[in-house]
Amino acid sequence: SSDLYIYLSDGSHIYRYLWEDCSIVEPDDWSPIFTAGYSCVTLTSCHPIGISDHRIVVRGILDVILPYEEGFDFAPSERN
């Protein structure tokens, strides 16, 4: 499989997001955090790392919500 996942947990649930895309935007571009119209997670950081010239934006689409369980197998994503 070539699916890439982002996992988040709140202690009660595990939220699995399917990686959708990655982009580089100007530091004053707020459009990546506007409502997408679907359940998603948006992660941002400086790009390049440690320099604030641009922002890297990673977005994932909510795939499944699972009950939290100790020892959950966060299987690594595979890339072909």
For the range 11-38, name all the residues that are modelled with pLDDT under 95, within 19 Å of Ile65 (Cα to Cα), open to solvent by 60 Å² or more (accessible area, probe 1.4 Å) and not in a strand (DSSP E or B).
-> Gly37, Tyr38
Taking the condition touching a Lys or Arg at 6+ places or on another chain (Cβ under 6 Å), among the hydrophobic types (A, V, I, L, M, F, W, C) and either assigned to a strand (DSSP E or B) or open to solvent by 60 Å² or more (accessible area, probe 1.4 Å) (or both), does Val64 pass?
-> yes
If you take the residues in the range 39-52 that are in a loop (DSSP other than H, G, I, E, B) and touching a strand residue (DSSP E or B) at 6+ places or on another chain (Cβ under 7 Å), which one is surrounded by the most Cβ atoms within 10 Å (Cβ to Cβ)?
-> Ser39
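The values are calculated or read from the model by the stated rules, or taken from the named source; none is laboratory data. Please read all numbers here as calculations on a predicted model, not as lab measurements. Note that each Cβ is placed from the backbone with ideal geometry, even for glycine, and that neighbours are counted across all protein chains shown. Calculation scope for accessible area: heavy atoms of the full protein, side chains included, ligands and nucleic acids excluded. Shrake-Rupley method; radii C 1.70, N 1.55, O 1.52, S 1.80 Å.
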